[in-house]
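Worksheet: the structure to be examined is printed underneath.
The values are calculated or read from the model by the stated rules, or taken from the named source; none is laboratory data. For clarity, every value in this text was computed on a predicted model and none was experimentally measured. Every residue, glycine among them, receives a Cβ derived from its backbone with ideal geometry; neighbour counts consider all protein chains shown. To get the accessible areas, we keep the full protein, side chains included, count just its heavy atoms, and leave off ligands, DNA and RNA. Shrake-Rupley method; radii C 1.70, N 1.55, O 1.52, S 1.80 Å.
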Amino acid sequence: MVTTLSLADTYPAWSWNPVTDLRAMWAFPFMVNAFRAGTIVAVLAGVIGWYMVVRRQSFAGHTLAQVSFPGAACATLLGITPVVGYFAFCVGAALVIAAIPRAGQGGSGQEAALTGTVQAFGLACGFLFVALYKGFLGGINSLLFGSFLGITTTQVAVLAAVAAVTLTTLAVIARPLLFASADPDVAAVRGVPVRVLSVTFLVLLGTATAATSQITGTLLVFALLVMPAATAQQLTARPAAGLAVSVLIGLVVTWTGLIAAYYSPYPIGFYVTTFAFGMYVLARLTRLFAQALDRRAPAPARLSGGAA
């Protein structure tokens, strides 16, 4: 008698005892490293992504995430570690995008046009590198969609170092960068080095994208960059609170995505993106509901001339 097992039968079952399930999951070193890497990625993407959304450079972030794919493919073609390709292509693309000043009339439109050009050319190069590679390009799905499985302690350490340097640099320029993001023309008049800050931020964005892409893949990193930050802006306009909420949402969707992926045959990217999108929709509906209540609330009574 032959017993046929479904794909779901090969995965561990959820016992509905969170303590027991977490202990069983963290008994595997690769899952411990996955949670460590996921935590670093969520914090880094949450902070960088908040500034990216404030600066209206989500298209640039999307392009840098896409460019990490041809970078890894090129490195594989040359026989070197894909990490070199990630950083070389992401930082290089960031410098190319930074060639167009954002300040001034038409600056944002020219940056968007150049960003789209870089994205199209980068993706074309990526497919060319894949075609030129004569051997079996293993892990191409991981390059695109990411995988937290098989993360080593060395990768976690490198990721933590890159995140520390990136976040420290961002903390140094945080206040003038926020001013330049809100009103670059006024900031330039006040003596803020808007151009230098713009280039520096794009390099930081490219560095963060390269660091996280090797863990999350080229598609998932953009979901973590934009969705938590966009959700945070629906909930609060205060910078400090917005940064905190963005990081918190990133942590929640990453941790829950890891747990869901461990107990099911479906990829981590699907869960993280779906959970993040669901939180954005919920935040958006909450904001619309609050605005509707404010419009329906009666206006405060006005006092007439003299005392009653």
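Things to note:
- Rounded to the nearest Hz, the phi-derived 3J(HN,Hα) couplings of region 203-217 under the Karplus curve 6.51 cos²θ - 1.76 cosθ + 1.60 (θ = phi - 60°) are 5, 5, 5, x, 5, 5, 5, 5, 5, 7, 5, 5, 9, 9, x, where x marks glycine and proline.
- The three principal axes of the C-alpha atoms in region 172-308 carry coordinate ranges of 72, 46, 18 Å, sorted with the longest axis first.
- Distance from the C-alpha centroid of region 72-94 to that of region 181-207: 27 Å, rounded to the whole angstrom.
- What a 1.4 Å probe finds exposed on region 25-218 is 71% carbon and sulfur by accessible area, rounded to a whole percent.
- Shown in residue order for region 76-83 are the 3J(HN,Hα) couplings computed by the Karplus curve 6.51 cos²θ - 1.76 cosθ + 1.60 at θ = phi - 60°: 5, 4, 7, x, 10, 5, x, 4 Hz (x for Gly and Pro).
- Here the gap between F270 and A240, fully extended at 0.36 nm per residue and compared with their Cα-Cα distance, gives a gain of 7.9 nm.
- Extension reserve of the A120-A182 stretch, reckoned as 0.36 nm per residue once the Cα distance is removed: 19.4 nm
- Taken along the Cα-to-beta-carbon direction at a fixed 7 Å, the label points for L95 and T152 span 2.8 nm.
- The HN-Hα couplings worked out from phi for region 18-34 by the Karplus form 6.51 cos²θ - 1.76 cosθ + 1.60 (θ = phi - 60°) are x, 5, 5, 5, 5, 4, 5, 5, 7, 6, 9, x, 5, 6, 4, 5, 5 Hz, whole numbers, x standing for Gly and Pro.
- Look at where the Cα atoms of region 267-296 and of region 154-179 average out, and the two centres are 28 Å apart.
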